[in-house]
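The values are calculated or read from the model by the stated rules, or taken from the named source; none is laboratory data. For clarity, every value in this text was computed on a predicted model and none was experimentally measured. Note that we place each Cβ from the backbone using ideal geometry, even for glycine, and neighbour counts take in every protein chain shown.
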């Protein structure tokens, strides 16, 4: 919501642009699960762990950014107070819980249940395993593309895609070891090989490859019931995520021609989920990056929640000196 989240090895930072044009920054210590439990960092397992972690972090970040914007400060309605009293939780937690349930249901419905239903129709039509599995995967990809195109027409989502572009440009600028300024960041592309959008596309391609032997096994066992096949595909999701994560990491760090060709579809998919950001959005992304790398600036005033209030992205730079700025102004 009107901001960017950045994560470094030991902290996460969220920078949000408030209506008064100030930038509010929250910084939270971060300890990867792989450090708490070594087995969670093993190849193939870490992909599934990372998927669950990022989904949870995404919903938490959405809630945090909404709170930081201050748009929930208004007095709750009588119904909201009654609901909170009955359930014993805050209205924001109730709304977020409902949103999570709906998001999971929509994801399973669109990207698992619907393609599996298409496969079921193709099975009844007598298609071979490889054919209906391939077409089911193509249906998933088409649904994803159609969904991305549709939501891009929503103004708030389009702004989110611009902030997504600001995140990528800022990461590129940091990786190039250039000073983090909007001018430097704007020169980079919005397409990044480690993006979650590319991960989604890889998941769909890997699922086609892995579901072929699974569907062959189900056919050999005489299992053709729709809900049984859907359950098997759901159980395969952690394996698909684990393999896809390793493929994504391998492609992101390789520079050979084959890797560039394989990266290309995922990069092109990001044209749907990123947009060219304006300078203010880049300032938010830079503030989040600096906070993730160096922590909250000690000189910045704090809100009652402990968030830093910045009036310029420059104030997030570890070398920023308020007294020098004041002297220059005089």
Practice problem: Run down 90, 136 and say which single residue is surrounded by 12 or more Cβ atoms within 10 Å (Cβ to Cβ) and at pLDDT below 85. | Solution: 90
Quiz item: If you scan the stretch 307-320, which residues turn out to be touching a residue at least 12 places away in the same chain (Cβ under 8 Å), surrounded by fewer than 19 Cβ atoms within 10 Å (Cβ to Cβ) and farther than 13 Å from residue 283 by Cβ?
Solution: 309, 318, 320
Quiz item: Conditions: (1) in a helix (DSSP H, G or I); (2) in contact with a strand residue (DSSP E or B) (Cβ under 8 Å, 6 or more places away or on another chain). Residue 296 meets all but one. Number of the miss?
Solution: (1)
Exercise. Using the structure shown, decide if residue 183 is more than 21 Å from residue 55 (Cβ to Cβ), free of Cβ contacts under 8 Å to residues at least 60 places away in the same chain and assigned to a loop (DSSP other than H, G, I, E, B).
Key: no
Practice problem: Working only within the stretch 251-277, note down all residues that are within 24 Å of residue 12 (Cβ to Cβ) and part of a loop (DSSP other than H, G, I, E, B). | Solution: 274, 275, 277
Quiz item: For residue 110, are the conditions met, namely being assigned to a helix (DSSP H, G or I), loosely packed, with under 14 Cβ neighbours inside 10 Å and modelled with pLDDT of 80 or more?
Solution: no
Quiz item: Of these, 183, 177, which one is surrounded by fewer than 21 Cβ atoms within 10 Å (Cβ to Cβ) and on the phi > 0 side of the Ramachandran plot?
Solution: 177
Quiz item: What residue, among those in the stretch 197-225 that are out of contact with any helix residue (DSSP H, G or I) (no Cβ under 7 Å at 6 or more places or on another chain) and in a helix (DSSP H, G or I), is surrounded by the most Cβ atoms within 10 Å (Cβ to Cβ)?
Solution: 205
Quiz item: Of the residues 146, 137, 126, 109, which is within 19 Å of residue 268 (Cα to Cα) and free of Cβ contacts under 8 Å to residues at least 40 places away in the same chain?
Solution: 146
Exercise. Taking the options 142, 191, 122, name whichever one is at pLDDT below 95, surrounded by 15 or more Cβ atoms within 10 Å (Cβ to Cβ) and part of a helix (DSSP H, G or I).
Key: 122
Quiz prompt | Where residue 240 falls short, out of the listed (1) more than 16 Å from residue 116 (Cβ to Cβ); (2) under 19 Å from the mean Cα position of the chain (by Cα) | solution = (1)
Quiz prompt | Evaluation of residue 228 against (1) closer than 26 Å to residue 312 by Cβ; (2) in a helix (DSSP H, G or I); (3) touching a helix residue (DSSP H, G or I) at 6+ places or on another chain (Cβ under 9 Å) (one fails), failing number | solution = (1)
